[in-house]
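One structure is given here, and the rest of the page talks about it.
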Amino acid sequence: MRGSGSLALLVLVVLSSACTRSTATQEPSLTPVASAAVDAAAPTFVAWTDELASTELVKDCHAKAPPHEPVSRGEHDPLLCQVPFRQSCFENPCRVKTDECNRACGTTCRSCDDACVNTCDNCKSGCKDQACRVECAKKTGVCKQACLTAIDRCGSADCAEVARACYDEVKRTWKSHGCSCKKILPCMDACVGDAGKCIRDAACLDKCGTACATKFPGCDIRYCTEGMEPKSD
């Protein structure tokens with residue numbers, strides 16, 4: 001961990017005062033996110049295949065998902081192309097890869113949804129009566145819902161496999177280099193512990209943290225700062 005790695009270590013060490021080392025990364029609070037009040041007059045539906053959804057798509061192929069009650073942190077709105085991700089003080093490499101996978105799932109879903117909308121426009125442009133436009137809307141709803149079904153699978157099974165493979169590799173690396181928090185923490189505590197020599201001294205923290213990282217090559221000492229040796233979660 002040299003160069004930019006030492007800066008990352010410094011940032012983590014500073015944050016560690018607010019993030020308890022004795023516990024593993026926690027899920028965000030499920031306190032509802034504040035949002036604008038839901039318009040009671042707005043059409044509501046829970047799937048794009050619902051009759052109300054078809055009604056909106058008949059009016060406009062570009063119809064948006066209806067407003068919902070506030071979605072709790074970490075929950076997925078079933079009508080949107082997004083996968084929630086967790087935030088922690090230490091964004092370990094595997095968590096980063098999982099979040100990247102989730103974002104890719106969302107991008108694919110949005111591309112899929114755009115294609116459904118374009119097909120809807122083309123379909124309705126050739127219609128001469130309402131029955132035809134209704135049929136186009138229904139097909140579009142099925143198409144949009146399929147995009148959402150795919151993102152659910154992508155964000156759960158696919159990204160879970162990405163995380164599992166990454167954690168397995170991290171654990172192998174940790175073991176092959178003989179890494180151990182029992183060995184690493186005394187070095188870190190000398191920098192930032194209650195009696196650490198670098199309290200409120202950024203330059204000292206950077207230098208001391210880098211020295212600890214160099215002393216344990218191949219070991220991402222941030223795992224120890226967060227109080228958890230590499231393991232699948």
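Brief remarks follow.
- Annotation for region 144-200: trypsin sites (Lys or Arg not before Pro) lying in DSSP loop with at most 10 further Cβ atoms inside 10 Å of their Cβ are Arg200.
- Using a simple spin-label model with pseudo-atoms 7 Å out from Cα toward Cβ, Glu169 and Gln82 lie 2.9 nm apart.
- Label separation (Asp121 vs Lys139): 1.7 nm, computed from points 7 Å beyond Cα along the C-beta direction.
- Over the C-alpha atoms of region 44-176, the Rg to Rh ratio, Rh being the Kirkwood estimate, stands at 1.13.
- Remark: for residue pairs Lys97/Lys124; Lys64/Lys128; Lys97/Lys138; Lys97/Lys139; Lys97/Lys215, the C-alpha separation exceeds 29 Å in Lys97/Lys124; Lys97/Lys138; Lys97/Lys139.
- Taking 0.36 nm per residue of separation and subtracting the current Cα-Cα distance, fully stretching the chain between Arg103 and Asp152 would add 16.4 nm.
- Extending 7 Å from the Cα toward the beta-carbon at both Arg110 and Lys207 defines two label points whose distance is 4.6 nm.
Rule-based calculations on the coordinates, nothing more; no lab input. Just so it is clear, the model here is predicted, and its values are computed rather than measured. Cβ atoms come from the backbone with ideal geometry, glycine included; neighbour counts cover every protein chain shown.
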